[in-house]
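Okay, so here's the structure we're looking at.
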Amino acid sequence: MLVDSHCHINFPELVQNMDQLRADMLTNEVGHALCVSVTLDKFPEVLAIAEQYPNIFASVGVHPDYEDIQEPGVAQLIALADNPRVVAIGETGLDYFRLTGNLDWQRERFRTHIRAAKATGKPLIIHTRNAAEDTLRIMHEEGAAEVGGVMHCFTESWEVAQAAIDMGFYISFSGIVTFKNAVALKEVAQKVPLASMLVETDSPYLAPIPFRGKTNQPAYVRHVAEEIARLRDIPLQAVMDATTRNFFTLFKHAQPCN
Ligand SMILES: [Zn+2]
Ligand SMILES: [Zn+2]
């Protein structure tokens, strides 16, 4: 069975089809999913899903793309994470693609999440876009290696992957790896050790081929895993086994339920 290590199924286009979405997961051998928070506002929705379904876990955090919203504090994140259904802190990180100008607040917010993760022992879900150098620097400065985590929806170079792996982080591939023009990323997916790899959908965004442009859903993580198996010339089962084992090793508070 597979795990979708990163999805946003509390978003309206997915949450209203939960029954179908969960049936499709089973059909595609996707046993579990991690529903990731993007704002404090929406965290109760994420938690409610994880409390209703034992095979869906939650995270708590505030995405770097949201500027004018309630800013999280370390103590607040620690308090919200004090729940057995919350297995990770994030998503957090830096995004210099969507936003420009003075982004001191983004870097400060990232540090807040790393401090909360270290205090709770719950690993980090890190988003980085056009900001790899600062992301790695802040991870070093804040001692993120102490708690570990995942570089989600990875689109950076092999050198960045290596630096993250050296800090004990996992590399998670999304549907982008199935895109024809993602030549460099396909090479990274051949090089990252299976022991450091996760797979995800980031649904409802980034549907893999053959669903590109449509609404993504956790079941489609199978197409990500199939592409990685094809690229490495190994059986799908090997990708399934490794990424599922990695998920439950990293997110040690997540209890598998089948
Ligand atoms: Zn992200
Ligand atoms: Zn996300």
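The values are calculated or read from the model by the stated rules, or taken from the named source; none is laboratory data. Everything quoted here is computed from the prediction, not taken from an experiment. So basically every Cβ, Gly included, is an ideal-geometry build from the backbone, and we count neighbours across all protein chains shown. Areas reflect the complete protein model, heavy atoms only, side chains present, ligands, DNA and RNA absent. Shrake-Rupley method; radii C 1.70, N 1.55, O 1.52, S 1.80 Å.
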Q. Does residue 4 meet the test of being within 16 Å of ligand 2 (Cβ to nearest atom), more than 14 Å from residue 124 (Cα to Cα), part of a strand (DSSP E or B) and open to solvent by less than 70 Å² (accessible area, probe 1.4 Å)?
A. yes
(Q) Checking residue 187 against (1) farther than 22 Å from residue 32 by Cβ; (2) under 16 Å from the mean Cα position of the chain (by Cα): exactly one of these is not met. Which one? (A) (2)
Q | Residue among 103, 80, 94 that is under 20 Å from residue 144 (Cβ atoms), under 15 Å from the mean Cα position of the chain (by Cα) and of a type in the set (A, V, I, L, M) | A | 94
Q.
Taking the conditions exactly as written (open to solvent by less than 10 Å² (accessible area, probe 1.4 Å) and either of a type outside the set (Asp, Glu) or more than 15 Å from ligand 1 (Cβ to nearest atom) (or both)), does residue 144 satisfy them or not?
A. yes
**Q.** Unique residue being touching a strand residue (DSSP E or B) at 6+ places or on another chain (Cβ under 6 Å) and either under 24 Å from residue 248 (Cα atoms) or among the aromatic types (Phe, Trp, Tyr) (or both) when the list is 38, 46
**A.** 46
Q.
Show the residue pairs meeting these rules: Cβ distance below 9 Å; 6+ apart or different chains; first residue within the range 119-130 and open to solvent by less than 40 Å² (accessible area, probe 1.4 Å); second residue within 13 Å of ligand 1 (Cβ to nearest atom) and aromatic (Phe, Trp, Tyr).
A. 126/110; 128/154
Q. If we keep just the residues of the range 119-133 that are touching a Ser or Thr at 6+ places or on another chain (Cβ under 9 Å) and within 16 Å of ligand 1 (Cβ to nearest atom), which is farthest from residue 164 (Cα to Cα)?
A. 129
Q.
Anything in the range 63-108 that is open to solvent by 10 Å² or more (accessible area, probe 1.4 Å), among the small types (Gly, Ala, Ser) and closer than 20 Å to residue 48 by Cβ? List them, or say none.
A. 79
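Taking the range 39-59 on its own, how many of its residues are surrounded by fewer than 23 Cβ atoms within 10 Å (Cβ to Cβ) and either within 16 Å of ligand 2 (Cβ to nearest atom) or touching a residue at least 60 places away in the same chain (Cβ under 8 Å) (or both)?
Count: 9.
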Q: Mind checking which strands (runs of 3 or more DSSP E) fall wholly inside the range 22-99 and carry at least 1 residues that are out of contact with any Gly (no Cβ under 6 Å at 6 or more places or on another chain) and of a type outside the set (A, V, I, L, M, F, W, C)?
A: 30-35, 86-95
